[in-house]
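Chemist: The structure is given below, and queries will be raised subsequently.
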There are 2 protein chains.
Amino acid sequence: MGISKTEIFTAQQNEIALFAKAFGHPARVAILQHLFKIDTCVCGDLVNEIGLAQPTISQHLKELKNLGLIQGSVEGTRVCYCIDPGNWTKMKQILSEFLNQDVSIKKDCC
Amino acid sequence: MGISKTEIFTAQQNEIALFAKAFGHPARVAILQHLFKIDTCVCGDLVNEIGLAQPTISQHLKELKNLGLIQGSVEGTRVCYCIDPGNWTKMKQILSEFLNQDVSIKKDCC
DNA sequence: TTACTTCATTGCAATATTACGATGAATCAA
DNA sequence: TTGATTCATCGTAATATTGCAATGAAGTAA
């Protein structure tokens, strides 16, 4: 019904899904890639960099911030964004553990 | 508008988003984890394993199969599923490259 | 054949996501 | 103060996703 039955899954499964969902949109992928590419913080030139309207970018940034993957700090009229290194590392570990499950090729398999 | 503007992003960004979206639901995470846990193929006991209705599981399986992450082979009245090792590895490389971007902590950052 | 099993598909309702125009809040410059 | 700039929020429309009951398709067993 458009609503996920999160209560029947483990906390780990829900956490993996939440982080993965953050990367489930190319705009958020592009935002994060740009934050990595630029060494310093990005002060809101993301709207020009990516071809979406300002409210849309703002919305994507909010989602990433809510997950803790990025930080934003007000600087005058501008807001500067950057990756949150600690949380990024934590997220990376959680997802890596899931992705790196070994694929053992069995004989009597499909 | 509920529709992603994929045309303004690179093929790489869209590919990352597509794979990530596959893991963006706990049911699909649970399905994949079970396929890894069980050595042999799984013949449709996923409905019992996970607490969702049979059509719902079937729908999630279809999405994973469309992405190439799992294979399904008919065996009598049953269908056996397993991870597609090659495509799983390919996906892992694409996502790892994105996740492993180095977080360089700068001085005059947020 | 009929009955049964297993899984896919259809159709639909409820909710979520994406996108943006309009507007608001906060700061700076003059 | 006024005006300009920057970004967040609100409101809304379009589309996507999730979930399941009902049904269909394909095989097995008798």
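The values are calculated or read from the model by the stated rules, or taken from the named source; none is laboratory data. As the structure is a computational prediction, the values presented were derived from the model and not from experiment. In this analysis, Cβ positions are derived from the backbone assuming ideal geometry, glycine residues included, and neighbour counts consider all displayed protein chains. Surface areas here come from the heavy atoms of the whole protein model, side chains and all, with no ligands, DNA or RNA. Shrake-Rupley method; radii C 1.70, N 1.55, O 1.52, S 1.80 Å.
Chemist: Where does helix A:11-22 land angle-wise versus the long Cα axis of chain A, in degrees 0 to 90, nearest 10?
Modeler: Between helix and principal axis, roughly 50 degrees.
Chemist: Students often get this wrong: which residues of segment A:14-31 have the backbone nitrogen under 13 Å from the point 7 angstrom along Cα-to-C-beta of A:Gln59?
Modeler: Only A:27-28 pass the distance filter.
Chemist: Within segment B:83-100, what residues put their amide N at less than 20 Å from the label point 7 Å along the Cα-to-Cβ vector of A:Gln101?
Modeler: Residues B:83-97, B:99 fall inside that zone.
Chemist: Computing the accessible area with a 1.4 Å probe over protein heavy atoms, can you report the carbon and sulfur percentage for segment B:10-96?
Modeler: Ligands and nucleic acids excluded, carbon and sulfur reach 51 percent.
Chemist: Per residue and in Å³, how big is the convex hull formed by the alpha-carbon atoms of segment B:19-92?
Modeler: Hull volume over Cα atoms, normalised by residue count, gives 85 Å³.
Chemist: Now for a different question. Can you give the net charge of the other residues whose Cβ lies under 11 Å from the Cβ of A:Asn14, counting K and R as +1 and D and E as -1?
Modeler: Residues near A:Asn14 contribute 0 overall.
Chemist: Going down the list A:Lys37/B:Lys5; A:Lys5/A:Lys37; A:Lys5/B:Lys65; A:Lys65/B:Lys90, which pairs span over 27 Å between their C-alpha atoms?
Modeler: Flagged as over cut-off: A:Lys5/A:Lys37; A:Lys65/B:Lys90.
Chemist: Round to the nearest 10 and give me the degree value, 0 to 90, for the angle of helix A:26-37's Cα axis relative to the longest principal axis of chain A.
Modeler: The angle comes out at about 70 degrees.
Chemist: Next question. I want the local charge near A:Thr89. Using Cβ-Cβ distances under 15 Å, sum +1 for each Lys or Arg and -1 for each Asp or Glu among the other residues.
Modeler: Charge balance near A:Thr89 sits at -2.
Chemist: Give me the inter-chain shielding for B:27-38: mean count of other chain Cβ atoms within 10 Å, whole number please.
Modeler: 4
Chemist: Follow-up question, since we're still on this one. Between the label point of A:Ala11 and that of the same position in each other copy, find the distances and list them shortest first in nm, with every label point placed 7 Å from Cα along the Cα-to-C-beta direction.
Modeler: 4.3
Chemist: If each label sits 7 angstrom from Cα along the C-beta direction, how far apart, in nm, is B:Pro85 from its counterparts in the other copies?
Modeler: 3.9
Chemist: I've got another one for you. Need one number: buried accessible surface between chains B and A, 1.4 Å probe, both sides summed, DNA, RNA and ligands left out, in Å² to 100.
Modeler: Buried area (both sides, nearest 100 Å²): 4100 Å².
Chemist: What list of ³J(HN,Hα) couplings, whole Hz, do you get for segment A:44-58 from phi and the Karplus terms 6.51, -1.76, 1.60, once you set θ to phi - 60° and write x for glycine and proline?
Modeler: x, 8, 5, 5, 6, 5, 9, x, 10, 5, 4, x, 5, 4, 4
Chemist: How well do other chains shield peptide B:80-88, expressed as the mean number of their Cβ atoms within 10 Å of each residue Cβ?
Modeler: 3
Chemist: Further, regarding this structure: By the scheme Lys and Arg +1, Asp and Glu -1, what is the net charge of all other residues having a beta-carbon under 12 Å from that of B:Glu63?
Modeler: Overall, the nearby charge balance is +4.
Chemist: Given the DSSP H assignment, sum -39500 (n - 2.57) over each helix run of at least 4 residues in chain B and divide by its residue total; what's the result at 222 nm in deg cm²/dmol, nearest 500?
Modeler: When only DSSP H runs of four or more count, the value is -15500 deg cm²/dmol.
Chemist: A further question follows. Please calculate how many Å² of accessible area the protein assembly as shown carries per residue, with a 1.4 Å probe and no DNA, RNA or ligand atoms counted.
Modeler: 55
Chemist: Given bins 5 angstrom wide, list per bin the percent of all Cα-Cα distances in the protein assembly as shown, short to long.
Modeler: Reading upward from the zero bin: 1, 6, 14, 17, 17, 14, 11, 8, 5, 3, 1, 1, 0, 0.
Chemist: Among the aspartates and glutamates, which have Cα under 16 Å from the Cα of A:Lys62 when same-chain residues fewer than 8 positions away are ignored?
Modeler: Output for A:Lys62: A:Asp45, A:Asp84.
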